[in-house]
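Chemist: Mind looking over this structure? Questions follow.
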Amino acid sequence: PDPSQPEIHLLHLDYTPCWRAAAAWALGEIGGRAARPALLGAVRNFDNAIDVRHAAAKALGKVAMPSDLAELGRLASDSPEISVRKVFQAACSRIRGTEKADGSLARRGGE
């Protein structure tokens with residue numbers, strides 16, 4: 001929104017998670033493993049809006065390493081939101097090497 005508008009103060013309140021979601025997304029783009037604890041906290045905190053948890057899950061998927069596979073698998077199975085669950089499933093597939101370059105899952109048997 002235009003910063004000169006009087007409603008801009010609403011963005012600074014808890015009415016919208018846009019800043020937290022944007023911050024989580026940015027941490028994934030930066031790719032620093034140091035952000036991992038904060039991202040895990042955001043995913044696990046159900047006081048956060050789904051947008052925040054989804055962005056944190058995406059960011060975790062980008063910084064995840066093979067040593068994170070078990071934890072990401074637990075998050076994938078425990079997440080009540082399908083969109084977040086799918087993000088973690090995709091991250092697990094990427095780590096296992098079963099994801100194609102276009103982001104789809106490779107079928108077993110080399111297809």
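The values are calculated or read from the model by the stated rules, or taken from the named source; none is laboratory data. Bear in mind the structure is a predicted one, so any value in this text is a computation, not a measurement. Here the Cβ positions follow ideal geometry from the backbone for every residue, glycine too, while neighbour counts run over all protein chains shown. Ligands, DNA and RNA are excluded from the accessible area calculation, which covers all protein heavy atoms including side chains. Shrake-Rupley method; radii C 1.70, N 1.55, O 1.52, S 1.80 Å.
Chemist: Can you sort Arg96, Arg36, Arg85 by solvent-accessible area, 1.4 Å probe, largest first?
Modeler: The ranking, largest first, comes out as Arg96, Arg85, Arg36.
Chemist: Turning to a different aspect of this structure: Name the residues of the range 23-42 whose amide N is less than 17 Å from a point 7 angstrom out from the Cα of Met65 along the C-beta direction?
Modeler: 28, 30-40
Chemist: Kindly sort Ile82, Ile50, Ile95 by accessible area of their heavy atoms, largest first, with the probe set to 1.4 Å.
Modeler: Ranked list, largest accessible area first: Ile82, Ile50, Ile95.
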